[in-house]
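Student: Below you'll find the structure I mean.
The values are calculated or read from the model by the stated rules, or taken from the named source; none is laboratory data. These numbers come from a predicted model, not from an experiment. Heads up, the Cβs are rebuilt from the backbone with ideal geometry, glycines too, and the neighbour counts pull from every protein chain shown. Side chains are part of the model used for accessible areas, which takes the heavy atoms of the whole protein and leaves out ligands, DNA and RNA. Shrake-Rupley method; radii C 1.70, N 1.55, O 1.52, S 1.80 Å.
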Amino acid sequence: MGTEEYTPAMRQYLDIKERHKDCIVLFRMGDFYEIFFDDAHLAARELSITLTTRNKNKQDSIALCGFPYHAASGYIARLVNRGYKVAVCEQMEDPKLAKGVVKREVVRIITPGLITSADGIITVENVFIGALYPSLDGGQGGGSFLDLSTGEFYLLRWSHKEDRESLGGIELRELIVPERIRDSALLKVLLADRESCQVNYCPEDLFASEEALALLSGYLTNEEMIDLNLPGNPLSAAAAGALLRYVENTQKTSLAHLRKLKWHDASDYLVIDDTARRNLELFSTAIDNRTEGSLFHLLDETATSMGKRKLRWWLANPLKNPSRIRRRLTAVAEMKKNHLARGKLGRLLKEVHDLERLGGRIVMNLATARDLAAFRDSLKPLGEIKELVSGFNSPLIRAAGNSLDVLADLTLVLDQALVDSPPSSLREGGIIRKGYDAALDELTDLVKNGRKWIASLEEKERLRTGINSLKVGFNNIFGYYLEIGKAHTGQAPDDYIRKQTLVNAERYTNQELKEYEYTVLNAKERAREREYELFAGIRNILGGQIERIQKTASSLAIFDVVAALAQVAEKYNYTEPQVTGDGLLLITEGRHPVVEQYSQAQEFVPNDTFMDLEGNRFLVITGPNMSGKSTYIRQVALISIMAQMGSFVPAKEAVIGAADRIFTRIGAADSLARGQSTFMVEMIEVANIIKNATDRSLIILDEVGRGTSTFDGMAIAWAVAEHLNDKAKIGARTLFATHYHQLTELALTNEGVKNYNIAVGESPETIIFLRKIVPGGTNRSYGIHVGRLAGLPESVVVRAREILMNLEKGEFDASGMPRLAQHGQAIPQGQLGLFGGEEGLVADEIRESDPINMTPLEALNKINIWKKRLST
């Protein structure tokens, strides 16, 4: 049906929807947001709300769902977190005053990368949206990313070799790119492991560099433009301009909190790609994606949302420069030593709300009265915090303390203006404190004194008319009225004007009541309007000081992170690492920070590590499955990351030569949904390591080659090991855990390779994992022992031992068939038995024994055990 057949309101909706086809349109109608047509079907399904219809059972029925406007934030957050864009269409005029259909406009478009706390955001982590703009040949590119909720705004640049690493520590929710790279290999690389990032393909003119520079000049001073060298970085400037234009077009409000643009240089940070983050469980566990059990969860002793975001940033983007790292470590050391001051600081910080996001909401005119009250309450402990940190001497804390503005002038304004506990709605009144504005006080008093005036008028009119039953009333249709029963209508004064006739009474008004009615009925509305004007003025005052607010929030976040890391260091007995610029990696009694806290079965066994760029750069770690190889190599990587982020580490002593990248290959889950097997994923990750690693990288490899046949896997593992160790090719520090004990022979022909193994205690029937790393390789995998520990039936264990012996001997029969295939068949006379049975096992143990290093008593005991086993 044509749009002319719809009501004016529905035609208005269809016109707005036509201009926002990629959005779910929330159409404000009174106290509800209504959703129509296909959007209604989608929203009802995603939000689990009732789907109904207008004009039910008619040809022109319209699908419809909706929710109250005051509950919108939760619904919006659910839609946006599922990847949808939401256009919020508001009534732009009072329906009572509207002539014809109420004027409506889209006031905001909320997307996955542009959701704020006003939209029901529940996470404290950053919500980044980015823009990337590659050169036409794809060799270089510029980028930009920002968090609308906090005001953080960055520039970046990359060359083709560094394209993936340039985004390593940035968790993007949404991305803007030019349409021309939609299907390019470059985009696939940039978005590797970022399947949840929503991509917007935009026309080339959105990235026009001249327009970008003009737009950015409205946000930055001339000095800032020069310092950032935006004209000299046209690709980065184009990306920042496109991103800013996209945000302006969707938010349609002030963005003054985005005025501090900074460079994010990937070369300043240790690159940890998504694969390494996932394998090392930095932010969530690999199995069930829970925060609890991650390194971040362990380190997070922060008191504020700002501190939590800062801690997450430090962990996602550890530093490379040793002097900058030492600056952080010195601050943590001083905070750890000052136990009482740290405890007091933590208590004060708990009184501070999220100033970064409150500041963003204030500037964008999204802040409510309760937001301003939270902001006011957050300012009160600032003076005490500033005084407390002034006693610290470490450069990082002193610099943050000097930047801390206690914002006393804003505290004064808010104390004078806001009531202690304002209502949630801005239109209910009751926001502004009495005495702040004389005009508002007069209107408020008029409203409050209305009942008293009515009572006095009623008494006065009863005396004047002699009608004791006369009363003054009010309803929404007729307003105020004087009511007289039918029996007394003849006594109504001449100045009474009939207003309404009832069965048993007449209702009147007079000049005095009409004047009062006008005054009172308008006073309440005028009081609300005046309060909103005053509130908006206060919000503007605060918004004008956003740079001061952001600087203070940044200082508080630094105090919070430093105090949290100091608290963790004290709580878990961590030590201060020495971070250097060379390749030395020396860890004495290192521990896995998470496993040692969650391991309830037994006490964690610490281990040493020694690596350098010369004779100890490639460590082959052998040992049985479940013995602790994976835990060990992970803990070395985690200790390095913790040191470079500025944290103390779980070790007795640690000297950490700063790495430029950390790579991991640790048993990734299958990617069958993308048509990739476990082995293919493994090979892709290994290829990425070989392509991007340098001699300053730290590489963690666990069981490379296990996803294919034994000989294929061993061959690949050997070749990969040689390539990574070769100084002429890479020469990176590498921990290589493997169940291929044949790889210990790498040390015979490759300089720089050292063998280590997990010590195992043995008895005739079982093994004990000692969890201790010792020099030397092992020539046994103990896989059958592990099978027995796991509960395999004894018959299976015995048969497995027989098969293993035969495989290791490589025995074949006269026809060339492997004897393994002859199980259960008769053995020709004169031939060796197919399997040696217990005799063969004893023979193996005799071959592996070391009689020279046995005492006479130990040797006799061994012989006695063997004799008993052979005679049973």
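Student: My understanding is that a pair violates if its Cα-Cα distance is over 22 Å; which of Lys336/Lys772; Lys310/Lys551; Lys350/Lys551 do that in this structure?
Tutor: Lys336/Lys772
Student: Related question: Please work out how much length the chain gains when fully extended from Glu525 to Phe711, using 0.36 nm per residue of separation minus the C-alpha to C-alpha distance, in nm with one decimal.
Tutor: 58.5 nm
Student: Rounded to the nearest 10 Å², what accessible area does Leu191 show when all protein chains are kept and the probe is 1.4 Å?
Tutor: In the full protein context, Leu191 sits at about 40 Å².
Student: Related question: Taking only Cα atoms, what is the 0 to 90° angle, nearest 10, from helix 450-465's long axis to the longest principal axis of the chain?
Tutor: Roughly 20 degrees between the two axes.
Student: How big is the accessible area of Lys434 in square angstrom, nearest 10, if you roll a 1.4 angstrom probe over the protein chains?
Tutor: The accessible area comes out at roughly 140 Å².
Student: Moving to a separate point now. For the chain, what is the percent of antiparallel DSSP beta bridges, rounded to the nearest 5?
Tutor: 60 percent
Student: In degrees between 0 and 90, to the nearest 10, how far off the longest principal axis of the chain does helix 837-848 point, with axes built from Cα atoms?
Tutor: That works out to roughly 90 degrees.
Student: From the residues Ala369, Asn625, Gly435, which one has its Cα farthest along the dipole of the chain in the positive direction, the dipole being from +1 and -1 charges on Cβ of Lys/Arg and Asp/Glu about the Cα centre?
Tutor: So the residue we want is Gly435.
Student: What number comes out for the charge environment of Pro493, summing +1 per Lys or Arg and -1 per Asp or Glu over other residues with Cβ under 15 Å away? Don't skip to the answer; put the middle values down first.
Tutor: Details: positive: Lys460, Arg462, Arg464, Arg498, Lys499, Arg507, Lys514; negative: Glu458, Glu461, Glu483, Asp494, Asp495, Glu506, Glu512.
Once all neighbours under 15 Å are counted, the net charge is 0.
Student: For segment 419-554, build the charge dipole from Cβ charges (+1 Lys, Arg; -1 Asp, Glu) around the Cα centre, then report which of Gln500, Pro423, Asn468 sits farthest towards its positive end.
Tutor: Ranked along the dipole, the leading option is Pro423.
Student: Ranked by accessible surface with a 1.4 Å probe, highest first, in what order do Lys629, Lys344 come?
Tutor: Lys344, Lys629
Student: Next up: What accessible area, in Å² to the nearest ten, does a 1.4 Å probe give for Thr275?
Tutor: Rounded to the nearest 10, that gives 10 Å².
Student: Check cross-link reach from Lys652 to the aspartates and glutamates: straight Cα distance under 20 Å, and skip same-chain residues fewer than eight apart.
Tutor: Partners within reach: Glu334, Glu570, Glu576, Glu589, Glu596, Glu603, Asp608, Asp612.
Student: Using a simple charge model, +1 on the beta-carbon of Lys and Arg, -1 on the beta-carbon of Asp and Glu, nothing else, what dipole does the chain show about its Cα centre, in debye to the nearest 20? Mind showing how you got there, number by number?
Tutor: On the way: 106 positive and 115 negative charges, 318 e Å.
Computed charge dipole of the chain: roughly 1520 debye.
Student: Could you tell me which of rounded, prolate or oblate describes segment 1-102, using a ≥ b ≥ c as the square roots of the eigenvalues of the alpha-carbon gyration tensor, with rounded for a/c under 1.5 and, failing that, prolate when a/b is larger than b/c and oblate otherwise?
Tutor: oblate
Student: For segment 160-266, what number of Lys pairs, 8 or more residues apart or on separate chains, have alpha-carbon atoms under 25 Å from each other?
Tutor: Lysine pairs, 8 or more places apart or on different chains, close enough: 4.
Student: Now for a separate question. Which of the aspartates and glutamates could a cross-linker span from Lys460 if the Cα-Cα distance has to be under 15 Å and same-chain partners fewer than 8 positions apart are dropped?
Tutor: Straight-distance partners of Lys460: Glu483, Asp495, Glu512.
Student: What spacing in nm lies between the two simple spin-label points modelled at His488 and Glu292, each 7 Å away from Cα in the Cβ direction?
Tutor: Output for this residue pair reads 7.2 nm.
Student: Something else now. Which of the listed residues, His257, Asn229, Leu244, is farthest toward the dipole's positive end in segment 202-265, when Lys, Arg count +1 and Asp, Glu count -1 at the beta-carbon?
Tutor: Positive-most Cα among the choices belongs to His257.
Student: Of Lys320/Lys691; Lys320/Lys629; Lys380/Lys524; Lys17/Lys103; Lys99/Lys499; Lys308/Lys571, which ones are farther than 24 Å apart at the Cα?
Tutor: Check vs 24 Å cut-off fails for Lys320/Lys629; Lys380/Lys524; Lys99/Lys499.
Student: Calculated FRET efficiency, Arg19 and Glu547, Cβ-Cβ r, R0 41 Å, to nearest 0.05?
Tutor: After rounding to 0.05, the efficiency reads 0.70.
Student: Please list Asp726, Asp22, Asp612 from largest to smallest accessible area, probe radius 1.4 Å, with all protein chains kept in place.
Tutor: The most accessible residue leads, giving Asp22, Asp726, Asp612.
Student: Grab the other residues whose beta carbon is less than 10 angstrom from that of Glu653, score K and R as +1, D and E as -1, and report the net.
Tutor: Numbers: positive: Lys652; negative: Glu576, Glu589, Asp608.
Net charge around Glu653: -2.
Student: So, one more: Show me the trypsin sites (Lys or Arg not before Pro) within segment 700-761 that DSSP assigns to loop and that have at most 15 other Cβ atoms within 10 Å of their Cβ.
Tutor: Lys727, Lys729
Student: To continue, here is another question. Viscosity 1.567 mPa s, temperature 4 °C: what is the translational diffusion coefficient of the chain from Stokes-Einstein with a Kirkwood Rh over Cα pairs, rounded to a whole number of µm²/s?
Tutor: Working: Rh = 33.1 Å.
Taking Rh from Cα pairs, D becomes 39 µm²/s.
Student: Taking the Cα atoms only, what angle lies between the long axis of helix 234-251 and the longest principal axis of the chain, rounded to 10 degrees?
Tutor: Its long axis makes an angle of about 40 degrees.
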